[in-house]
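Data first, discussion second: the structure below is written as structure tokens.
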Amino acid sequence: MPSGLATLALVFALAAAAPAAARPPTVADLARDPKPWADRTVRLEGLVVYEFEHLAIYPSHADFCAGRNGFGVNWGKDILPIRDSRRLAVVRGRVHVPEDSNVREISNAFPEEHLEDVRVMGWLSDPLPKCRSRGSEP
């Protein structure tokens, strides 16, 4: 019979080897590679940005200001009030990844890989301030 330490090591080894889709994704996971979660409904926590050319969710305010790790959001007909932009929130939506990854859709609003059918489940903050990094907005 394995010792408690050996059992714990086995649990960690199995968790590390588990496919990405077996655990809930983060915004950064989707930004890096959304394919493991294609056509799945996911729950994310992050910074909702609903502004011209920035319809996305980011892991944090710092990521938004640095212009990294954002994942596009297609809000469809559910237009958010501009006052709700740049707020931390919990959202739920379906990950859209086109079947032919060689075909690139052109859009200023959101990329071909994005969240669809998105609903804000709850707000986690008031609107956050404008970015101060590099003296300009992303």
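Quick look at the numbers
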read-out	value
Count of residues meeting criterion [part of a strand (DSSP E or B) and over 13 Å from the mean Cα position of the chain (by Cα)] in segment 55-99	1
Within segment 24-54, tally of residues that are of a type in the set (D, E, K, R) and either in a strand (DSSP E or B) or farther than 19 Å from residue 98 by Cβ (or both)	4
Residue in segment 62-96 that is modelled with the lowest pLDDT, counting only those that are basic (Lys, Arg) and within 18 Å of residue 52 (Cα to Cα)	77
Count of residues meeting criterion [closer than 20 Å to residue 22 by Cβ and not β-branched (Val, Ile, Thr)] in segment 36-74	9
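The values are calculated or read from the model by the stated rules, or taken from the named source; none is laboratory data. Because the structure is predicted, anything quoted here is derived from the model rather than measured. Counting neighbours? That spans all protein chains shown, and the Cβs are built from the backbone with ideal geometry, glycine included.
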